[in-house]
Amino acid sequence: MISFSETHEPEMSSLEISPDIETVWNEFLGLIKSQINSQSFKSWFEPIHPVRLEGNLLTVDVPSQFFYEWLEEHFALLISSSLKKTLGAEARLIYNIAPLDDHAASSPFIIPQTESSAKTESVKYIKSFSQETVQPLTYDGTNLNPRYTFNNFIKGESNQLARAAAMAVANNPGGTSFNPLVLYGGTGLGKTHLMQAIGNYAIEIGKAKRVIYVTSEKFTIEFIDAIRADKANDFSAFYRSMDILIVDDIQFLSGKPGTIESFFHTFNSLHQAGKQIILSSDRPPKELQGIDDRLISRFQWGLTADIQAPDLETRTAILRKKCEDENVVIPDQVIDFIAANVTSNVRELEGAFIKLLFNASMLNREVDVSLAKEVLKELVTEIRSPVTIEEIQRLVAEFFDIPPDLLRAKTRKQEIVNARQIAMYLAKDLTNSSLKTIGLNFGGRDHSTVIHACQTVEEQISVDAKFKSTIESISKKIEIYSR
Ligand code: ADP
Ligand code: MG
């Protein structure tokens, strides 16, 4: 996982001779364009404005916080791989949330808003794509996203218990019986938001100083790196020095016994010292497989609270709040229409909202129900459109760091054969294509080869937990990409 942190742009003391920003930008856009549909490209890449290139550090303006998050959510992988191709492995990207007025003339993206409320501050997010494996574990302030607060977390029946527990913990971290606090629920329902809100609030009221947020994937990577660099002690010491430890999406720990062992000790040490632990998962702890029972039973020491999909009333309230935050006025009818139709989760609700505003500004249309209808139609096909075999090949090849062509070639080298079988299996699993079509797309192979590949992969999944989690993480990448 690539993490971002709010930061100030670093000072550049010596400027290298850099290639022309326009050339770099066009090359980057060219790569992106070849990999996504034109509607998405238009919506999400044309409005980005390159502003500066210093060495391998590219600064771009994006029209809103929301826009930035959407890019991160849906295109992070694509952006990082394209930028690395353009600027090299050390490429870094700064997102600047630009005041909208700045580019009103040059960007088609203008969110209708009242003059007096025009935003003037600009927020920066810096991303370093090569950072993943070289992060020294030093604590220089919390890495929480300040956007996640209780204030902008809308209360509803679906999240009542989770929110109340979160507030109790935020007021008295480590001091309630809710330790650990485990939040679970489906994707996009507000787990990350709520966990981070606890940290932000506890810091704000002076109840915690050292608060760290980490996804279980990042925790795993750091752990492996620490072992490799013979720094396991530093790793443990770092996490054990926290007042609040927040670990997101712990389901990804499954099948990683080394990391689990380390986490188990960290957990015990913090718990004994009366420090707060907050965890999230996509399912109830007792349903987590591939995680040690000892650890699961500890998860149940505190409070486990679920978050459900928001009901209509909550969805409406969330949209109203969004309008307020983004300083836009949208007719009630339109809000009601979106709230009635986007039911699955809050993330999609937000997506529909931003897309509506976006289309309104691009097409210069009034925000009414008929526009909302069009937008939702688009959104639904975009979300549901199945991933293509070619995209699967590209992402599998990227994962194994081999050229995608080899998946279609005759090569019988073992590692290529393995990757090819995985790609075939995923093509069967994630697309509606027939065995015959899949075979054809892998260099004209026979359907029986595809069957054999699927069986081989399935067998290995059933006996090898590590392999299983590799397949899961590749499929997750594909899913994210194709959303
Ligand atoms: P999860 O971690 O459960 O997948 P997130 O916390 O990332 O979900 O939430 C997805 C998006 O929805 C975020 O932008 C978050 O701010 C927003 N969101 C979720 N629940 C609420 C809520 N109750 N009120 C306001 N915004 C919410
Ligand atoms: Mg989350």
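Give the number of residues within segment 180-208 that are farther than 11 Å from Asp248 by Cβ, within 9 Å of ligand 2 (Cβ to nearest atom) and touching a Phe, Trp or Tyr at 6+ places or on another chain (Cβ under 8 Å).
1
Assuming Ser254 fulfils every condition listed in (1) open to solvent by 20 Å² or more (accessible area, probe 1.4 Å); (2) under 21 Å from Asn159 (Cβ atoms) apart from one, which condition is it?
In the conditions (1) open to solvent by 20 Å² or more (accessible area, probe 1.4 Å); (2) under 21 Å from Asn159 (Cβ atoms), Ser254 misses (2) alone.
May I ask you to list the residues in segment 54-65 that are open to solvent by 10 Å² or more (accessible area, probe 1.4 Å) and outside any strand (DSSP E or B)?
The answer is Gly55, Asn56, Pro63, Gln65.
Please verify whether Leu363 is hydrophobic (A, V, I, L, M, F, W, C), without any contact (Cβ under 8 Å) to a residue 12 or more places away in the chain, open to solvent by 20 Å² or more (accessible area, probe 1.4 Å) and out of contact with any Lys or Arg (no Cβ under 7 Å at 6 or more places or on another chain), treating the condition exactly as stated.
yes
Scan segment 201-219 for residues that are open to solvent by 10 Å² or more (accessible area, probe 1.4 Å), in contact with a helix residue (DSSP H, G or I) (Cβ under 8 Å, 6 or more places away or on another chain) and part of a helix (DSSP H, G or I) and jot them down.
Tyr201, Glu217 - these are the residues of segment 201-219 that are open to solvent by 10 Å² or more (accessible area, probe 1.4 Å), in contact with a helix residue (DSSP H, G or I) (Cβ under 8 Å, 6 or more places away or on another chain) and part of a helix (DSSP H, G or I).
Within segment 144-162, take every residue that is polar (S, T, N, Q) and open to solvent by 50 Å² or more (accessible area, probe 1.4 Å) and give me the one that is nearest to Asn345 (Cα to Cα).
Gln160
Quick check on my filter: what residues within segment 444-467 are surrounded by 15 or more Cβ atoms within 10 Å (Cβ to Cβ) and not in a helix (DSSP H, G or I)?
Arg445, the sole residue that qualifies.
Quick one: what pairs do we get from segment 179-199, first residue in contact (Cβ under 8 Å) with a residue 24 or more places away in the chain and over 16 Å from Ser158 (Cα atoms), second within 12 Å of ligand 1 (Cβ to nearest atom) and assigned to a helix (DSSP H, G or I), C-beta under 6 Å, 6+ apart or different chains?
Qualifying pairs under 6 Å: Ile198/Ala166.
Please work out if Leu363 is over 23 Å from Leu161 (Cβ atoms), at pLDDT below 90 and over 26 Å from the mean Cα position of the chain (by Cα).
yes
Which of the residues spanning segment 138-193 are of a type in the set (Val, Ile, Thr), near ligand 1 (Cβ under 10 Å from one of its atoms) and modelled with pLDDT of 95 or more?
Thr149, Ile154, Thr192
Does Phe252 satisfy the condition of being of a type in the set (Phe, Trp, Tyr), part of a helix (DSSP H, G or I) and within 16 Å of ligand 1 (Cβ to nearest atom)?
When the stated conditions are applied, Phe252 passes them.
Filter segment 262-292 down to the residues that are assigned to a helix (DSSP H, G or I) and surrounded by fewer than 14 Cβ atoms within 10 Å (Cβ to Cβ), then identify the one that is nearest to ligand 1 (Cβ to nearest atom).
Glu287
The values are calculated or read from the model by the stated rules, or taken from the named source; none is laboratory data. All figures in this text were calculated on a predicted structure; none of them were measured in a lab. We place every Cβ from the backbone using ideal geometry, glycine too, and count neighbours over all the protein chains shown. Side chains are part of the model used for accessible areas, which takes the heavy atoms of the whole protein and leaves out ligands, DNA and RNA. Shrake-Rupley method; radii C 1.70, N 1.55, O 1.52, S 1.80 Å.
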